[in-house]
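The values are calculated or read from the model by the stated rules, or taken from the named source; none is laboratory data. Predicted, not measured: the structure shown is a model, and the values here were computed from it. Cβ coordinates were reconstructed from backbone atoms using ideal geometry, including for glycine residues, and neighbour counts include every protein chain displayed. Note: accessible area is taken over every heavy atom of the protein model, side chains too, but ligands, DNA and RNA are not part of it. Shrake-Rupley method; radii C 1.70, N 1.55, O 1.52, S 1.80 Å.
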Amino acid sequence: MKTGELLRRHPGNPILTAADWPYPVHSVFNPGATKLKDGRTLLLCRCEDHRGLSHLCRAISMDGITDWQIDHSPTFQSGGDGYPEEVWGVEDARITFVPELGSYIIAYTAFGKVGPGVSLAKTKDFVTFERLGLMMQPDDKDAALLPRRIDGNFLLIHRPVSTDGADLWITQSPDLKTWGSPRLMLRARRGAWWDANKIGLSPPPIETPDGWLVLYHGVRTHASGSLYRVGAALFDLEHPETVLIRGDSWIMGPEASYERIGDVPNVVFPNGYTIGEDGDTLHLYYGAADSSVCLATGSVSEILKWLKDHGDYVGPQTGS
Ligand code: BMA
C-alpha cells in the first residue's frame, strides 16, 4: 500500500464542528476516543470557548461517524482555584482503559500560568471524574498511559521540552502518583526531516503482537508557520522504551481544505482511535487546523507492513 493511502479521510469530514455543539463554543478539535463496552464510540473533544480557554466535552455515537449525542455543558473543565496548574484550561485528552483499575485514565494537558503540564483523571463513566493531579510539570504535554503495568509499573509516555528539542519520553510509576526512571523513547530528527526538532505522541499506543504501534506527530517549522504531520514507529512490547522500527516518511499530512485552513492552518492532530470488530480496522480521530474533528480510517496490519517496508531499525535511544 502506498504511503498516502494508509489513512483514508472520511468523505463526511469534518464529522464534528462548533456548529454541532448544543452550547456556544468557538472550535472543537483534538478528540480523545474510546469504544465503550456497549460498542458505542465516545469522544472527549477539546472545545475552545470564546475566551480562548479549553475544556473537554463528551460526544457519543453508535457508529462513530454520525448522530453524535453531545453533552449540553462542559463535561470536564478546569478544576478552579484548587488546581492552579489548569487555570487556563484543559486540553487534548488521551484515553486509556486500564483493566486492572476497571477505569479509564485520561491524560490531558493542564494549562497554567507557568505553561502546559500533564495531568491525569480517572473515570468509570465519563460523568464523574477523580482528578489525580499534575504528574509532569511544565513544559510537558502529549501524554498517554499504557493500559497495563510492565515489570510492576504503570508507564506514561509524555513529551517534555528540553533545550535540545522536544522528544518522546516514557516514565514509570508504581501507583500513578510518584513517577521516576524517565527514559528517552524517540528523538525528534534534525535538519530537513519532516519530524525535525519537535515531535509528540498522537493517540495512545496500539498494542499489536509485533509491538506497540505508536503514531506520533512531527512539527516542521518554516517561514510562515508550522506543519503538523503524523508518522509511525514500532516499540518493543515488554521494553516500550526500545524503538524497533521507525517509519521514514509521514503517513498523513494536511492536505484537505479543512486541514489547510482554520485557526491554526496545516495541522492534523490525532488524539484517539478505536479498533473495529475485525480487530484490525483503525478509526483515527483527529483535530484539523485546531478547528474541527475529523476521522481517517486505516488498517493496523497495513501500517505495520508499511513500517517494515519503509522503516529503519533504530534500537534504544541514547540520553536517558
Ligand atoms: C500543539 C498542541 C495542540 C495543537 C497544536 C497545533 O502544541 O497545543 O493542541 O493542536 O499545537 O496548534
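Just a few scattered comments:
- Scanning region 250-269 for residues being surrounded by 24 or more Cβ atoms within 10 Å (Cβ to Cβ) and within 25 Å of LEU184 (Cα to Cα) gives a total of 3.
- Complete set of residues in region 167-186 that are within 14 Å of LEU132 (Cβ to Cβ) and touching a Ser or Thr at 6+ places or on another chain (Cβ under 7 Å): TRP179
- Of the listed requirements (1) closer than 17 Å to THR178 by Cα; (2) open to solvent by less than 10 Å² (accessible area, probe 1.4 Å), GLY133 misses just one: (2).
- Beta carbons closer than 6 Å, at least 6 apart along the sequence or on distinct chains, never pair a first residue in region 240-258 that is on the phi > 0 side of the Ramachandran plot with a second that is open to solvent by less than 40 Å² (accessible area, probe 1.4 Å).
- Inter-residue pairs, beta-carbon under 8 Å, first charged (D, E, K, R) and in region 200-223, second within 16 Å of the ligand (Cβ to nearest atom), 6+ apart: ARG220/TRP194; ARG220/ASP195; ARG220/ALA196; ARG220/SER226; ARG220/LEU227; ARG220/ARG229
- Among residues of region 98-124 that are free of Cβ contacts under 8 Å to residues at least 40 places away in the same chain, those with a beta-carbon under 6 Å from a residue that is away from the ligand (no atom under 13 Å from the Cβ) and basic (Lys, Arg) at least six positions away or on a different chain give the pairs SER103/LYS122; SER103/LYS124.
- In region 139-162, the residues that are open to solvent by 50 Å² or more (accessible area, probe 1.4 Å) and either more than 16 Å from the ligand (Cβ to nearest atom) or in a loop (DSSP other than H, G, I, E, B) (or both): ASP139, ARG148, ARG149, ASP151
- Of the residues making up region 163-182, those that are closer than 24 Å to ASP248 by Cα and either hydroxyl-bearing (Ser, Thr, Tyr) or surrounded by fewer than 18 Cβ atoms within 10 Å (Cβ to Cβ) (or both) are ASP164, GLY165.
- Matching option when the condition is within 15 Å of the ligand (Cβ to nearest atom) and either closer than 30 Å to ARG183 by Cα or open to solvent by 50 Å² or more (accessible area, probe 1.4 Å) (or both), among GLY272, GLY247: GLY272
- Subset of region 250-269 [among the aliphatic types (A, V, I, L, M), within 13 Å of the ligand (Cβ to nearest atom) and in contact with a strand residue (DSSP E or B) (Cβ under 7 Å, 6 or more places away or on another chain)]: VAL267, VAL268
- Residue in region 75-93 that is at pLDDT 95 or above, more than 16 Å from the ligand (Cβ to nearest atom), in contact with a Cys (Cβ under 6 Å, 6 or more places away or on another chain) and not charged (D, E, K, R) present: yes
- All conditions but one from (1) away from the ligand (no atom under 16 Å from the Cβ); (2) more than 18 Å from ASP142 (Cα to Cα); (3) at pLDDT 95 or above apply to THR3; the one that does not is (3).
- Of the strands (runs of 3 or more DSSP E) lying entirely inside region 240-291, those containing at least 1 residues that are closer than 16 Å to THR34 by Cα span 268-275, 281-288.
- Where strands (runs of 3 or more DSSP E) fall entirely within region 163-227, those with at least 2 residues that are closer than 25 Å to ASP290 by Cβ and within 13 Å of the ligand (Cβ to nearest atom) are at 199-201, 211-222.
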